[in-house]
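The values are calculated or read from the model by the stated rules, or taken from the named source; none is laboratory data. These numbers come from a predicted model, not from an experiment. Every residue, glycine among them, receives a Cβ derived from its backbone with ideal geometry; neighbour counts consider all protein chains shown.
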Amino acid sequence: MVYSALSTLLLLGDNLSRVDRRGTLAGLSAMQCSDEPGLFKAGDICGERDMRFVFSAVASCYILNGLDSINCENVADFVAKCQTYQGGFANLPFLEAHAGATYCAVASLSLIGKLESVIPSGSKSRELLIKWLLNLQEEGFHGRVGKPDDTCYTFWVCASLKIHFILTFLFLAYHVYVQVTI
């Protein structure tokens, strides 16, 4: 919820000067899971914990210029453990790759400056990721293998590719063709 609140304030033109930066960063730091370093939980009452909350915490800390309040090395290690054999990222280790989780993983790595060290350019892991993302395309994009296309997944897939600076759209008929530089 912190990420949503901060993003909304920024969209409305707020300069965040009234945000309790220190308290917010302390609260985000407290949401790091002690039993799985790098993973974040939704809160003390809600037991949900997965890649969505990693991204929300990282993005919130980034917005508040407080990445030093979380352990970015642990975040990078956790995210790396969530990459599947297919190349995409799951919400937790050993689960199915999902476009939304992949965006959260790639964006988190980018924000903490660890994208290149976890998924190096020219590496097998980068190649698998790009191929997996591109193979989600039919008439749009779907979030997981065997699921229908959906506009939200088109965002997650294209945003993940954009973070890698490899997305070029060429609209031909109703298909989106992607030119990739690996």
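For this structure, a couple of remarks:
- The range 88-97, subset in a loop (DSSP other than H, G, I, E, B) and within 13 Å of Gly143 (Cα to Cα), residue farthest from the chain's Cα centre (by Cα): Glu96
- Glu73 vs. criteria among the acidic types (Asp, Glu), within 16 Å of the chain's Cα centre (by Cα) and under 24 Å from Trp132 (Cβ atoms): no
- When Ser108 is tested against the conditions (1) part of a loop (DSSP other than H, G, I, E, B); (2) in contact with a helix residue (DSSP H, G or I) (Cβ under 9 Å, 6 or more places away or on another chain), the lone failure is (1).
- Within the set Gly13, Gly27, Gly23, the sole residue that is over 23 Å from the mean Cα position of the chain (by Cα), of a type outside the set (A, V, I, L, M, F, W, C) and in a helix (DSSP H, G or I) turns out to be Gly23.
- Out of Ala99, Ala105, sole residue that is of a type in the set (A, V, I, L, M, F, W, C), closer than 19 Å to Cys158 by Cβ and at pLDDT below 95: Ala99
- Meets criteria (within 19 Å of Phe55 (Cβ to Cβ), within 14 Å of the chain's Cα centre (by Cα), surrounded by fewer than 16 Cβ atoms within 10 Å (Cβ to Cβ) and not polar (S, T, N, Q)) for Phe78: no
- In the range 81-108, residue surrounded by the fewest Cβ atoms within 10 Å (Cβ to Cβ) [restricted to those that are among the polar types (S, T, N, Q) and farther than 20 Å from Tyr62 by Cβ]: Gln86
- Within the span defined as the range 124-138, one or more residues are farther than 20 Å from Cys82 by Cα, surrounded by fewer than 19 Cβ atoms within 10 Å (Cβ to Cβ), more than 16 Å from the chain's Cα centre (by Cα) and not β-branched (Val, Ile, Thr).
- From the options Phe78, Phe55, residue that is in contact (Cβ under 8 Å) with a residue 40 or more places away in the chain, within 28 Å of Glu127 (Cβ to Cβ), in contact with a Leu (Cβ under 6 Å, 6 or more places away or on another chain) and hydrophobic (A, V, I, L, M, F, W, C): Phe78
- Only residues that are within 20 Å of Leu95 (Cα to Cα) and assigned to a loop (DSSP other than H, G, I, E, B) were counted in the range 115-147, giving 9.
- Any hit, the range 50-67, residues being more than 15 Å from the chain's Cα centre (by Cα), at pLDDT 95 or above, surrounded by fewer than 13 Cβ atoms within 10 Å (Cβ to Cβ) and more than 24 Å from Cys158 (Cα to Cα): yes
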